[in-house]
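*Asks:* Take this structure, written in structure tokens, and hold onto it; I'll ask about it next.
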Amino acid sequence: MEILKKNAITLVLFVVATVGTFTWNLIQKGGEVEINEKIDARIDQKIKTGGLVRVLLQSKEIEKFTDEAGKTIHDQVVKNIMRKDTNKVSLRAIIGKGTKLRDEDVPDAIIRVINDYNNGNLKCKHTNILD
């Protein structure tokens, strides 16, 4: 009993500190849960209204990714076609891949080049490239 009387203040302070720490931890956890719920509610709202998707789709990273993915898919399709049967690959596809033009734009580009040559707007080393 003597030890309890001598250390009564220390014992009371210890109990108060322990209860205080436990209570403070509960308050912090409750605050954290409340903040997380608010963040989740905002994200849910953005997803439902399409705002978050719109922001993501307009980002430069997504634009770069889709450009690269499209180019990769195009190159792979042309490569697969060429691998399966080179006799069936159109000249437009081969020129389009080599010049990075869309297949349907190749004939117009060839026509413009030939017309420029015929009109004298295109100079070549050879006297007549069509011979």
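Rule-based calculations on the coordinates, nothing more; no lab input. Here the structure is a predicted model, which is why all the values come from computation and not from measurement. Don't worry about glycine lacking a Cβ; one is built from the backbone with ideal geometry, like all the others, and counts go over all protein chains shown.
*Asks:* Distance cut-off 28 Å, Cα to Cα: go down the list Lys48/Lys71; Lys38/Lys64; Lys60/Lys100; Lys64/Lys100; Lys60/Lys97; Lys64/Lys97 and report the pairs above it.
*Replies:* Violating the 28 Å limit, Cα to Cα: Lys48/Lys71; Lys38/Lys64.
*Asks:* Under a straight-distance cross-link criterion of Cα-Cα below 14 Å, which aspartates and glutamates are reachable from Lys29, leaving out those fewer than 8 residues away in the same chain?
*Replies:* Glu37
*Asks:* Want the number for Asp105 to Ile62: 0.36 nm per residue separation, take away the alpha-carbon distance, what's left?
*Replies:* Full extension from Asp105 to Ile62 adds 12.9 nm.
*Asks:* Okay, moving on. Of the peptides 48-56, 91-99, how do they stack up when ordered by the mean number of other Cβ atoms within 10 Å, highest first?
*Replies:* 91-99, 48-56
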